[in-house]
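Please read the structure below before turning to the comments.
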Amino acid sequence: SLGKDIASKGLDILLGKVALGQSIEFDESAPTKFVLFRRDGSDEGEPLVIEVETHFNFHYANAFENEAGQVVIDTVRADRLELGDMIPGKPIWDTVDYAKDVPKSTLERFTLDPRSASFVSKTRLSERGLDFPIVNRRVSCTEHRYIWANTGCSKDGPAPPQGIMKVDTTDPTSEQVWLPEPHEFCGEPCFAARAGKEDDKSTAEDDGYILSLMTNGKTQDSSLIVLDAADIAKGPIAKVPVGVNMPHGLHGCWVPGNVGGSTPEQLVNANVLLKLYMRKSKEWNQVDASFSGMGIGQFFGQKGMDGR
């Protein structure tokens with residue numbers, strides 16, 4: 001539920017002056033609700049609401065309609081929402097005890113029946129704590145087999161997202177895990193199909209690459225790592241230094257082709273923008289609890305690189 005201060009502090013939250021966690025409460029006595037809208041608009045905007053057992057989730061891997069007309073949703077589930085004592089300007093790790101405060105997040109499959117507006121079943125797809133799940137873009141909103149996600153160093157309990165794992169939804173026992181060094185941490189994975197195969201349905205669902213930005217806590221450097229999507233366990237097949245420290249972000253995506261353009265003028269403009277980002281990175285690359293909705297929270301607090 002939303003705390004009573006969410007409305008009165010809305011602008012401060014948007015600007016990053018007040019931590020979002022200070023205005024949100026989780027009601028453990030109320031059921032969790034899935035809200036379904038028809039994509040063709042035939043429901044005239046009236047959603048179908050289906051109650052399930054109480055839980056919280058930040059991120060969904062994918063959802064699709066099966067042959068029985070049921071809606072299947074793969075999502076990261078936690079027993080409750082826990083944001084800790086979030087203080088703007090302070091890194092989350094200074095205000096949250098991960099082992100004690102953060103509930104374990106697991107990958108669960110919920111099956112719902114829209115015809116009877118009822119919950120059908122729930123299946124755990126992996127016992128390992130994970131978050132930031134993704135699928136091959138080609139199978140988005142259709143039945144998928146593989147899910148890639150961030151995972152921590154602990155097999156049984158909660159741990160900060162650090163490595164990359166692959167889940168086979170048809171055989172959860174065959175999951176693959178790769179973990180970097182203890183001082184290295186990976187961001188959200190992105191799936192990149194092989195060049196020219198982005199929409200080729202004849203290729204395997206895991207025929208491609210997993211990309212992630214990895215931060216080195218010792219050297220304060222970041223690298224773009226590339227893994228074989230079919231064989232995560234063998235680790236990166238390429239590692240490209242970024243040149244600046246890029247602490248944990250949240251979400252991203254892979255876009256085929258050269259987004260910045262390929263003409264000499266476009267490359268010059270892209271290089272100017274790159275130098276600007278590198279110069280400003282010591283102000284922007286700060287990880288704290290502000291969650292500024294406009295991306296300008298740094299103007300109201302301490303500046304400086306804080307990517308420990």
The relative contact order of region 54-205, taking Cα pairs under 8 Å that sit 6 or more residues apart, comes to a percentage of 19
So, over other residues within a Cβ distance under 10 Å of residue 194, counting Lys, Arg +1 and Asp, Glu -1, the net charge is -2
Once you have the Cα-Cα distance between residue 46 and residue 12, take 0.36 nm times their residue separation minus that, and quote the gain in nm to one decimal. 9.0 nm
State the extension gain, in nm to one decimal, for the chain segment bounded by residue 143 and residue 28, taking 0.36 nm per residue of separation less the distance between their alpha-carbons. 38.2 nm
In order over region 197-205: 3J(HN,Hα) from phi, Karplus 6.51/-1.76/1.60, θ = phi - 60°, whole Hz, x for each Gly or Pro, gives 10, 4, 10, 7, 6, 7, 7, 5, 4
Per DSSP, the loop-located trypsin sites (Lys or Arg not before Pro) within region 125-178 having at most 16 other beta carbons within 10 Å are 145, 155
Round to a whole number: what % of the accessible area of region 102-180 belongs to carbon and sulfur, probe 1.4 Å? 49
Summing +1 per Lys or Arg and -1 per Asp or Glu among the other residues with Cβ less than 11 Å from residue 255's Cβ gives 0
Give me, ordered by chain and number, the residues 5 or more places off residue 217 or on other chains with an amide H under 5 Å from its own placed amide H. 184, 185
Here, trypsin sites (Lys or Arg not before Pro) of region 203-278 satisfying both criteria (DSSP loop; at most 15 other Cβ within 10 Å) are 218
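The values are calculated or read from the model by the stated rules, or taken from the named source; none is laboratory data. Predicted, not measured: the structure shown is a model, and the values here were computed from it. Note that each Cβ is placed from the backbone with ideal geometry, even for glycine, and that neighbours are counted across all protein chains shown. Side chains included, ligands, DNA and RNA excluded: accessible areas come from the protein's heavy atoms. Shrake-Rupley method; radii C 1.70, N 1.55, O 1.52, S 1.80 Å.
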